[in-house]
Amino acid sequence: MIWKAIPTLFAGAGISLALVTSSVAVGMLLGVPIGVAHVYAARPVRAALWLFDRIFRGFPAIVLLFLAFFGIGGLPGIKISPFAAVVIALGLRSAAYQAQIYRGALEMVERGQVDAARAIGLSMLGTIRHVLLPQAARFSLPSLSNEYSVVLKDTALAFTVGVVDLMSRAKFLAMRSRELLTVYLLVAVFYFVLTHAGIALFRLAERRVAIPGMGQRQGRRTM
Amino acid sequence: MKYRTTLCLIVGVALCLGFAVSAEKVYVDGIDAAFPPFSFIDETGDPAGFDVDVLRWIADEMGFEVEIVPIDWDAIIPTLLSENIDLIASGMTITAARQERVAFTDAYWSIDLAVVVRQTEDADSEPAPELTLFEAIRPDRKVGVQRGTTSQDWLEENVIGAGIGIELMLYENFLLALEDLLIGRLDAAVMDGPTAQSGIAGRPLTVVGTISTGEIYGYAVRKGDADLLALLNEGLRRIQATDTWDELVAKWLVAK
């Protein structure tokens, strides 16, 4: 019975993949400007972002999911799909974590780079865009593969708000077939493959943007 | 710069999947994905069960479309109230507490609760229940139920509420309770009668007694959704007058 049901697991894996890609992408789109703002923005902006950081790194993922689905969805006139609720909740959470990654990466760029850029007449914005971010991006890639891996596991909570992902497909199959151990081991393999395939892509990216001779073993296989 | 465009495309497409708007009016039915024989997801990933078959017949007869989706039982009423589903047709008992939050159709089935224990052999090597019903609800016995069900309510009110200190263990669904009963982590499990029959089939478990609550099942809709309620009531009235009803009852609800 289990082997016949494998297509349903693949369907679930597709949804989980869609969830993690969207959430990490949202996290990146928001995380980069927030990370930059953590370092360079005016005090009131940094204070507001400090609050954002505390909330979205302080609440468990499942609480954020419920707040997004029942909180936003409960507002008069607003209807939110389960998929969107998961992407918003996990995306904002990822943005908070990624902002810290980018903040750290930015702070790793030598002060001399900023001084030189300003000296040749680049504006602060220009400096950030042309000098700091390209270098910070390289520093942040290893941590990003971590973020992907974590968010992928968090998507396993998606069924609590109604998204039928890989984890819930596994649950249905386990209940139906009563072979709990076999099914959960099988689904562990699915998550394993999804996780390490994703990490391999980040590794590829690391190698592609590595600057030869800069740093130690940059882009070359250390793990 | 190409990275950014691709990134935006991916995000855009993915978000669109979530916000997809459907053109026609479809009623969405939320079900407990692991509540055989009333509602469950079968091995091909499709909804199946007595309530699923009946609802599909009613939708056909009354001229509306229905989409059946599995929902986490703990969140099913909030999901109904937040309008992400329109009805619940999933072996749901009509209770006073639930009536405060949702509206129910007319009752369509009645069940009692079953107490399940492990099966062992007696002196003549015949299969026999390990415990009697009253042994199963002695103080310090571990009894498992599905969270948010009338089994939980009954035990809390009539056993724990009466001062008998059983240890009530709550599970996400009753099948998990049965798994724990098999392993030995529970002494007994209590659940709806038909679902007990479905869960113990082919396993060394047996129903040692019935708690006659005579509870009744109904479909749940939002209060104020009078149109859908009328559609469903009329549909139930019609199907119960046909042979299809008897066929479905025989197919799903008669113990084999």
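All of the numbers you see were taken from the coordinates with simple rules; none came from a lab. On a predicted model such as this, the values are computed, not experimentally measured, just so you know. Quick reminder, even Gly has a Cβ in these numbers, built from the backbone with ideal geometry, and neighbours come from all protein chains shown.
Do any of A:79/B:223; A:171/B:142; B:142/B:251; A:171/B:251; A:79/B:251 go past 28 Å between their Cα atoms, and which? Display every interim value, and only then the final one.
On the way: A:79/B:223 18 Å; A:171/B:142 24 Å; B:142/B:251 34 Å; A:171/B:251 25 Å; A:79/B:251 38 Å.
Flagged as over cut-off: B:142/B:251; A:79/B:251.
Count the DSSP beta bridges whose two residues both fall in the protein assembly as shown, then state the antiparallel fraction as a percent rounded to the nearest 5. The partial results should precede the final answer.
Working: 26 of 41 bridges.
Bridges in the protein assembly as shown that DSSP calls antiparallel: roughly 65 percent.
What is the dipole size for region A:16-162, taken about its Cα centre, with +1 at each Lys and Arg Cβ and -1 at each Asp and Glu Cβ, in debye to the nearest 20? Don't skip to the answer; put the middle values down first.
Working: 12 positive and 6 negative charges, 42 e Å.
With Lys and Arg at +1 and Asp and Glu at -1, about 200 debye.
With unit charges on the beta carbons (Lys and Arg positive, Asp and Glu negative) and the dipole taken about the Cα centre of chain A, which residue among A:92, A:120, A:202 sits farthest to the positive side?
The residue sitting farthest along the positive end of the dipole is A:202.
Take residue B:158 and residue A:46, extend 7 Å from each Cα along the Cα→Cβ direction, and tell me the distance between the two endpoints in nm.
Each label point is offset 7 Å from its Cα along the Cβ direction, giving 6.6 nm.
Could you grab the relative contact order for chain B? Cα pairs under 8 Å, six or more apart, rounded to a whole percent.
Working: 435 pairs, mean separation 66.1, N = 256.
Answer for chain B is 26 percent.
Is any residue of region B:197-232 close enough, with backbone N under 15 Å, to a label point placed 7 angstrom from the Cα of residue B:125 along the Cα-Cβ axis, and if so, which?
From region B:197-232, the list is empty.
If amide H atoms are built 1.01 Å from N in the plane of the peptide, which residues on other chains or at least 5 residues away come under 5 Å of the amide H of residue B:38?
Placed amide hydrogens put B:50 under 5 Å from residue B:38.
For region B:111-215, build the charge dipole from Cβ charges (+1 Lys, Arg; -1 Asp, Glu) around the Cα centre, then report which of B:129, B:183, B:199 sits farthest towards its positive end.
So the residue furthest toward the plus end is B:183.
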